[in-house]
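Undergrad: Below you'll find the structure I mean.
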Amino acid sequence: VVSDCSEDGTDEIVNEFAERGVVLERMANRSGKTVAQNAGVKRAHGDILVFSDANSMCDSSALKELVRALEDHSVGCACGELTYLNPDDRSAGRGEGLYWRYEQFLKRRESVLSSLVGANGAIYAMRKGLFEDLSPGMISDLVMPLRVWRGGARVVYVPEALAYEDTTHSFAEEF
């Protein structure tokens, strides 16, 4: 787990799992998600990388579903499905829910036709050998799948790999 100078108790929570093999990588300076991901990949030992957002909770079978998609050697990246919890309870959530239903529709069609244009930062996996460091200002869940595709591998949508997020109370909170 990479902590981008978190001040919300993340480091303490991660350290509680140290005996189970969970390692904390605390950045020296707050540099953003993309720099943190670059650092985390350098520490990773496996062949498959899984990325998520800090506010996403994955279903218990989500990682298995992503890895299953990567059993096809033509696939270099597998994107799961984000589900917003209680989107109708909050004004910002209603907008997120509508946008996300349209986004899911597009991802399903892209995956059937060929390859996704981008992934969902809340839940996606890729082959470590296809990862390339990104500049700090790049949006990793858009640029990395494009690079995977450019390298000749497919990016697929796996709607069975579920992640959940609470909707925000306001647009300011989302920002």
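Undergrad: Does at least one position in region 18-25 carry a residue that is in contact with a Ser or Thr (Cβ under 8 Å, 6 or more places away or on another chain) and either open to solvent by 40 Å² or more (accessible area, probe 1.4 Å) or at pLDDT 90 or above (or both)? Steps first, answer last, please.
TA: Going through region 18-25, the residues in contact with a Ser or Thr (Cβ under 8 Å, 6 or more places away or on another chain) turn out to be 24-25.
After this cut, where a residue has to be either open to solvent by 40 Å² or more (accessible area, probe 1.4 Å) or at pLDDT 90 or above (or both) as well, the list is 24-25.
Checked against the condition, which is being in contact with a Ser or Thr (Cβ under 8 Å, 6 or more places away or on another chain) and either open to solvent by 40 Å² or more (accessible area, probe 1.4 Å) or at pLDDT 90 or above (or both), region 18-25 yields at least one hit.
Undergrad: Being surrounded by fewer than 17 Cβ atoms within 10 Å (Cβ to Cβ) and of a type in the set (Gly, Ala, Ser) is the filter; apply it to region 41-61 and report the residue that is farthest from His73 (Cα to Cα).
TA: So the residue we want is Ala54.
Undergrad: Please verify whether region 74-83 includes one or more residues that are among the acidic types (Asp, Glu) and either at pLDDT 95 or above or open to solvent by less than 90 Å² (accessible area, probe 1.4 Å) (or both). Quick ask: steps written out before the conclusion?
TA: Of region 74-83, the ones among the acidic types (Asp, Glu) are 81.
Filter again for either at pLDDT 95 or above or open to solvent by less than 90 Å² (accessible area, probe 1.4 Å) (or both), leaving 81.
Looking through region 74-83, at least one residue is among the acidic types (Asp, Glu) and either at pLDDT 95 or above or open to solvent by less than 90 Å² (accessible area, probe 1.4 Å) (or both).
Undergrad: So which residues in region 5-26 are under 21 Å from the mean Cα position of the chain (by Cα) and of a type in the set (Asp, Glu)?
TA: Result: Asp8, Asp11, Glu25.
Undergrad: Taking interchain pairs and intrachain pairs at least six residues apart, which have beta carbon atoms under 6 angstrom, with the first residue in region 17-28 and under 19 Å from Cys5 (Cβ atoms) and touching a residue at least 60 places away in the same chain (Cβ under 8 Å) and the second hydrophobic (A, V, I, L, M, F, W, C) and part of a helix (DSSP H, G or I)?
TA: Matching pairs, first to second residue: none at all.
Undergrad: Also, quick follow-up: Are any residues in region 34-58 at pLDDT below 95, farther than 21 Å from Ser135 by Cα and over 14 Å from the mean Cα position of the chain (by Cα), and if so, which ones?
TA: His45, Gly46
The values are calculated or read from the model by the stated rules, or taken from the named source; none is laboratory data. As the structure is a prediction and not an experimental result, all values here were calculated from the model. Heads up, the Cβs are rebuilt from the backbone with ideal geometry, glycines too, and the neighbour counts pull from every protein chain shown. Calculation scope for accessible area: heavy atoms of the full protein, side chains included, ligands and nucleic acids excluded. Shrake-Rupley method; radii C 1.70, N 1.55, O 1.52, S 1.80 Å.
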